[in-house]
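Trainee: Structure provided below as structure tokens; questions to follow.
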Amino acid sequence: MRIAMIGSGYVGLVSGACFADFGHEVVCVDQDGGRIAALDAGKMPIFEPGLEALVTENVKGGRLHFSTALKPAVAAADVVFIAVGTPSRRGDGHADLSFVEAAAAEIAGAISGFTVVVTKSTVPVGTGDKVEAIMRQTNPNADIAVVSNPEFLREGAAIEDFKRPDRILLGVEDERAQAVMTEIYRPLSLNAPPLLFVDRRTAELTKYAGNAFLAMKIAFINEMADLCEKTGANVQDLARGIGLDGRIGSKFLNAGPGYGGSCFPKDTLALVRIGEDFGSPVPLVETVVASNARRKAGMAGRVIAAMGGDVSGKRIGILGLTFKPNTDDLRESPALTLIEDLQTAGAWVRAYDPEGMEAARGMLEGVVFAHDEYDAAEGVDGMVLVTEWNAFRSLDLARLRGLMAKPVFVDLRNVYRDKEMEAAGFAYFSIGRPKGSGKGTERRAAAE
Ligand code: UDX
């Protein structure tokens, strides 16, 4: 089938490349000429494992094209995906739909023949109705069906998640659209993920509900971690203990410095607003938002306590700036809050991240950007592991200890264990695991 993907960011570019890899003919459209030129030159605008190879292969195969011209791409398409950004609106947390609405109007003017228009971006309940109204108003003759098809891609695992989804969620109100979307996803039928056909509003709300539930799971285990520290329990063993219950599931129960990224913070806030707008508040999600904000704000205090209660004039090495491993994305990263708070307390910060340094330079002041994880340890009075990149999982502890002025190591992702760290001469602090605790948990498995 012929697909026009409007928006070539995280979602649009990954989805477009994967659809091309399914054998469809895809044009990824973006109004950012620089981004399109870079893509035409084979340069990826985002770091996503496997994306460059996937794009290169499908461009070479003639299935994937890039363009700034929306109209011809839409005119030729059987299916048009709207994958533009829906950032949190300044100040009030509502999803900003201006890009979606602008795209809908522009698409309407270019429609020829029956065309399925799909909202892939995460959008509030009722946006599909709004998109349909805008399109019919702009072009009353357009023969269209508007579908909601939210994505569930994790940054750093987006291609895997696209090709092996737990489910494909489709909000459709039209028989013809159902047939077209079944055809679009047919190549995935080999992996037999359920194609879940629901109505449009259900699909839109399901996306927010899923992200909010995952965010709640993380906020929950982080609060259990604090309780473990007070009661002498071990949060990793507790997480395994509850996670083995099939009704809970073991994923997303890793205690840490709080969640970040471009989705959980934005989508939890948007869901709170949707609850308010529709007169059905969601206090549970409001609590998750507040709990996570408190969590991120509390991390500097942990580091300061570990380093004797005062870090003014002290040097601190930070391992990891991105909000999670295998991405270059620092949006809402706990590392940003931590570094700013430590600087406010008078500390000097050195930092290293395998992929996030470029983005960090524009977001952090007064930080020394180290060229590797050992350079980040040079002469510091304490180290903090914030993002669990694989590069930080097997550090040469003797070498690290030798580089540091003081042997304090704060592990905010429970990558190491106190026995091994203390044997290497470190004063080691981690999350929810009192000293000497922990029976059944090996070093934390690589991020799910
Ligand atoms: C998330 C959803 O997982 C994905 O389905 C949706 O489409 C987009 O939002 P993403 O934000 O890319 O994906 O990353 P994810 O892997 O979900 O992690 C989000 C945050 O939660 C990260 O900051 C991560 O460090 C944190 N996290 C995750 C934890 O603190 N503990 C966990 O156990 C899991």
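The values are calculated or read from the model by the stated rules, or taken from the named source; none is laboratory data. What you are looking at is a predicted structure, and each value in this text was computed from that prediction instead of being measured. Here the Cβ positions follow ideal geometry from the backbone for every residue, glycine too, while neighbour counts run over all protein chains shown. Accessible surface is based on the protein model in full, side chains and every heavy atom, while ligands, DNA and RNA are left aside. Shrake-Rupley method; radii C 1.70, N 1.55, O 1.52, S 1.80 Å.
Trainee: With all distinct Cα pairs included, what does the Kirkwood hydrodynamic radius of the range 2-197 come out to in Å, to one decimal, could you say? Walk me through the numbers before you get to the answer.
Mentor: Numbers: mean 1/r = 0.0598 Å⁻¹.
The Cα-based Kirkwood calculation yields 16.7 Å.
Trainee: Also, quick follow-up: Mark the label point 7 Å from the Cα of ALA38 along Cα→Cβ and return the residues of the range 358-400 whose backbone N is within less than 11 Å of it.
Mentor: 359
Trainee: Right, something else. In a shell of Cβ-Cβ distance under 10 Å around ALA359, excluding ALA359 itself, what net charge do Lys and Arg (+1) and Asp and Glu (-1) give?
Mentor: Numbers: positive: ARG331, ARG361; negative: ASP328, ASP329, ASP353, GLU355, GLU358.
Net local charge, ALA359 excluded: -3.
Trainee: Run down the lysines and flag those whose C-alpha is under 25 Å from the C-alpha of LYS71, throwing out any fewer than 8 positions away in its chain.
Mentor: By straight Cα distance, LYS71 reaches LYS43, LYS60, LYS120, LYS130.
Trainee: Probe radius 1.4 Å, ligands and nucleic acids left out: which of SER98, SER121 has the largest accessible area, and how do the rest follow? Intermediate values should be presented prior to the final figure.
Mentor: Working: SER98 55, SER121 10 Å².
From most exposed to least exposed: SER98, SER121.
Trainee: Continuing with the same structure: What value does the range 17-73 have for Rg/Rh, both radii from Cα atoms and Rh as Kirkwood defines it? Write out the running numbers ahead of the final one.
Mentor: Working: Rg = 10.7 Å, Rh = 11.4 Å.
Taking Rh as the inverse mean 1/r over Cα pairs, Rg/Rh reads 0.94.
Trainee: Another one. Just how much of ILE111 is accessible, in Å², when a 1.4 Å probe is used and the result is rounded to the nearest 10?
Mentor: 20
Trainee: In what order, largest first, do ILE159, ILE82 sit by accessible area if the probe radius is 1.4 Å?
Mentor: Working: ILE159 25, ILE82 0 Å².
I get ILE159, ILE82, largest accessible area first.
Trainee: On a full-extension model of 0.36 nm per residue, what is the gain between GLU422 and ALA290, subtracting their alpha-carbon distance, rounded to one decimal in nm? If you can, show how the numbers build up before the last one.
Mentor: On the way: separation 132, 0.36 × 132 = 47.52 nm, distance 3.47 nm.
That works out to 44.1 nm of additional length.
Trainee: Please compute the per residue accessible area over the range 209-443 with all protein chains in place, 1.4 Å probe, rounded to a whole number of Å². Mind dumping the intermediate values first?
Mentor: Details: 9940 Å² over 235 residues.
Solvent-accessible surface per residue comes out at 42 Å².
Trainee: Considering only GLY128, GLY113, GLY12, give the residue with the highest GNM mean-square fluctuation for the chain, with springs between Cα atoms whenever their separation is below 10 Å.
Mentor: In this elastic network of the chain, the residue with the biggest mean-square fluctuation among GLY128, GLY113, GLY12 is GLY113.
Trainee: Another question, then. Determine by what factor the alpha-carbon radius of gyration of the range 124-252 differs from 2.2 N^0.38 Å, reporting the quotient.
Mentor: Normalised Cα radius of gyration, the range 124-252: 1.41.
Trainee: Express the carbon and sulfur contribution to the solvent-accessible surface of the chain as a percent, rounded to the nearest whole number, probe 1.4 angstrom. Please report the intermediate quantities before stating the final value.
Mentor: Numbers: 10270 of 18640 Å².
It is 55 percent, rounded to a whole number.
Trainee: Rg and Dmax of the chain, using alpha carbons, in Å: what are they?
Mentor: Every Cα atom of the chain included, Rg and Dmax give 23.5, 74 Å.
Trainee: Could you rank the peptides 327-340, 405-418 by their average count of other C-beta atoms within 10 Å per residue, with the highest value first? Provide the component values of the computation, followed by the final result.
Mentor: Details: 327-340: 23.1, 405-418: 21.4.
In decreasing order of mean packing, 327-340, 405-418 become 327-340, 405-418.
Trainee: Now, a different point. Ordered by packing density, taken as the mean number of other Cβ atoms within 10 Å over each peptide's residues, highest first, how do 382-391, 365-374 rank? Numbers along the way, then the final one.
Mentor: On the way: 382-391: 24.4, 365-374: 14.4.
Put in order of decreasing packing, that is 382-391, 365-374.
Trainee: Pick from ARG350, ARG136, ARG247: which is most flexible by mean-square fluctuation in a GNM of the chain where alpha carbon atoms under 10 Å apart are linked?
Mentor: Looking only at ARG350, ARG136, ARG247, the biggest GNM fluctuation is shown by ARG247.
Trainee: Please compare each pair in LYS217/LYS266; LYS296/LYS419; LYS207/LYS324 to a cut-off of 24 Å on the Cα-Cα distance and tell me which ones are over it. Mind dumping the intermediate values first?
Mentor: Working: LYS217/LYS266 16 Å; LYS296/LYS419 27 Å; LYS207/LYS324 21 Å.
Over 24 Å Cα-Cα: LYS296/LYS419.
Trainee: Working only with C-alpha atoms, what are the Rg and Dmax values of the range 300-416, expressed in angstrom?
Mentor: Both quantities, over Cα of the range 300-416: 12.6, 33 Å.
Trainee: Using a 1.4 angstrom probe with every protein chain in place, what is the largest-first accessible-area order of GLU48, GLU420, GLU358, GLU276?
Mentor: On the way: GLU48 10, GLU420 60, GLU358 160, GLU276 90 Å².
From most exposed to least exposed: GLU358, GLU276, GLU420, GLU48.
Trainee: Net charge near LYS43, counting Lys/Arg +1 and Asp/Glu -1 over other residues with Cβ under 12 Å of its Cβ?
Mentor: Details: positive: ARG35; negative: ASP40, GLU52.
In short, -1.
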